[in-house]
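Working notes, structure below.
The values are calculated or read from the model by the stated rules, or taken from the named source; none is laboratory data. All figures in this text were calculated on a predicted structure; none of them were measured in a lab. Here the Cβ positions follow ideal geometry from the backbone for every residue, glycine too, while neighbour counts run over all protein chains shown.
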Amino acid sequence: MIGPGGREHAIVRALLRDPYVEQVHAAPGNAGIAADVFVHPVDASNPEAVTALARELAVDLVIVGPEAPLAAGVADVLRDAGIAVFGPSQAAAQLEASKAFAKQVMAAANVPTAMARVATARAEAEEALDTFGAPYVVKDDGLAAGKGVVVTEDRDVALAHADECFAAGGTVVIEEYLDGPEVSLFVLSDGRNVLPLAPAQDFKRIGNDDAGPNTGGMGAYSPLPWAPAGLVDEVVCRVAQPTIDEMASRGTPFVGVLYCGLAMTSRGMRVIEFNARFGDPETQAVLARLRTPLGGLLMAAATGELDEDEQLHWTPRTAVAVVVASENYPDKPRTGDRISGLDEASALEDVQVLHAGTAHDDDGQVVSAGGRVLAVVALGDGLDQARELAYKGVDLIGLRGSQHRTDIALKASRGLVTVAGASAQSVAQEAPELVDPAIEGTVL
Ligand code: AMP
Ligand code: GLY
C-alpha cells in the first residue's frame, strides 16, 4: 500500500479483513498504519524506490493511494517490472492531473459536465468569467491537493486566483457554476470493465455550513438516503463506462479507481471533476461498509479480470467519518503536537480511528504531522446514530488547536438534502443518448 494518509489506512484495514490477504506492507504509512502492518520509509513518489521495495518484498499486488505517485509514473515503472498494480499509468492519471485534459475526454465521450474554457492569460480569463457570470469557478489546471479551486461571487477574487496561477506559469479552467448536492462515486476499472462502489458525500470546506476555504475533505458519509433511484447505474452508463472506453481507445487504458465527483443540478447530473484514485475521506466511510473482500477486487482490477456482474456486499448500516485537522489547516498547519484519547476512541464499539497526518516523536508518542490528522469513523443504524457515535469518538481525542466540523451528515440526517427540479425518477430516466446542452456548449 503506497501512501501516507487516512485513505491508505482505510484501505489497509479493509485488506486486513480480507481472508485471502496474507500480509500487508505499507510505504511510507503513518503512525496508525504502522500499528497495523509493516511500514517502510520509502518515498511514495519515487518510482524506482517503490519498485525496488515491491521486488524485495516479492508482493503480489501494489496499490497506489495518492495522486502524486500516479502522476509521477509509479504505476508505469511497477508494471514495466512485471508487478501487478492497482492504479493508473501516468498517461491515464492525467484525468486528474490536468483538468483541461479531463474536459477534453469528457467532451469526446459525451459525458455531462460544466461548460468550461481554458485560459492562459488575463484577457482570456476575463472573457471567460464574463461569459459564465457569477458565481465564478476558477480552477488551477494542475494538481493542488483540493485547494486549487476558487468559487466566488467576487469577480476580483476570481481574477486574482487566475493571476496567481498564471504567475506560477500555469493555466486555468474557468467554468459555469453547478448548483445542487455533490456525490462522490468510486468506480473500479481494469481498463475495460467497471464496477461501482457505494456513493458517498464529502464536505470540502473547512467550516460548518460550508464556510471558509476548500480543504482535502473534512468528513463523509455513506450511503446517501436522498440519492435519486438509479443514480449509480446512471453514473456508470453516462460517465464511467464512456470515460473508460474513451481512455482505452486512446491507447491509455485506465486501471484503478475512477473517482467521479458529481453535482446533482436542477438540469441533471454533471461531472465536477475526475480523480484517478480513491477519495479521502470518502474512502474511510465507504470501505467501512464494504463486506466483499477488497484485496480480491483490487487484484482483479489490476490484472484485467474485473467481473462487472459481481454483486458487492455492503452492510446496510450507515458510516460517518469526521476528520480532525490541525490548527491553521488548510493554510499552514501546526504539527508536532501530541494526540491523546486514541485508544479510548478506538475502544468504542463500531468506531475506528483512522490516522492521516500522524507520526511518532522521539519518545514513541503519536503526534500530529500534517493538516488532516485523523478521521473517526462510526457505523450506526442510520445517520443519527452514526453521527452521534462518530462525534463521541471525536470528543475523546485531544489535540491542541485542532479543528473539526460539527455538521458532517447533519443536513442529510434532517432530510434537508434535495435534488432540485428533478425527481429521483426523472434523473434516472434521462436518456443517455440525448445530447446535453451543456456538452454542446463545451469549448475545448
Ligand atoms: P475540484 O477540485 O474540481 O473537485 O473542485 C473542488 C470543489 O469545488 C468541488 O468539490 C466543488 O465543491 C467546488 N466546485 C468545483 N467546480 C465547481 C462548479 N463548476 N460549480 C460549483 N462548485 C464547483
Ligand atoms: N475528498 C476529496 C478528494 O479526495 O479529492
Checklist outcome for this item: Of the residues in the range 302-322, those that are in a strand (DSSP E or B) and of a type in the set (A, V, I, L, M) number 4
Checklist entry - Which residue, of GLY82, GLY87, is away from ligand 1 (no atom under 14 Å from the Cβ), surrounded by 16 or more Cβ atoms within 10 Å (Cβ to Cβ) and at positive phi? => result GLY87
Checklist entry - Among the strands (runs of 3 or more DSSP E) confined wholly to the range 113-167, which include 2 or more residues that are β-branched (Val, Ile, Thr)? => result 136-140, 149-152
Item to check | Which listed residue, of ASP156, ASP190, is more than 13 Å from ligand 1 (Cβ to nearest atom), without any contact (Cβ under 8 Å) to a residue 40 or more places away in the chain, of a type in the set (D, E, K, R) and farther than 30 Å from LEU416 by Cβ | outcome: ASP156
Next on the checklist: For the range 279-301, which positions are within 19 Å of the chain's Cα centre (by Cα), in a helix (DSSP H, G or I) and under 15 Å from VAL187 (Cα atoms)?
Outcome noted: GLU282, THR283, VAL286, LEU287, LEU294, LEU297, LEU298, ALA301
Checklist entry - Mind checking which residues of the range 203-218 are more than 9 Å from ligand 2 (Cβ to nearest atom) and either out of contact with any strand residue (DSSP E or B) (no Cβ under 7 Å at 6 or more places or on another chain) or of a type in the set (Lys, Arg) (or both)? => result ARG205, GLY207, ASN208, ASP209, ASP210
Item to check | Top-ranked residue of the range 69-87 - restricted to ones that are out of contact with any Gly (no Cβ under 7 Å at 6 or more places or on another chain) and either part of a loop (DSSP other than H, G, I, E, B) or at pLDDT below 95 (or both), ranked as nearest to PHE278 (Cα to Cα) | outcome: ALA71
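Conditions (1) farther than 26 Å from GLY217 by Cβ; (2) within 16 Å of ligand 1 (Cβ to nearest atom), marked per residue:
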site	(1), (2)
GLY279	no, yes
LEU287	no, no
THR292	no, no
GLY296	yes, no
MET299	yes, no
THR303	yes, no
ASP307	yes, no
HIS313	no, no
THR318	no, no
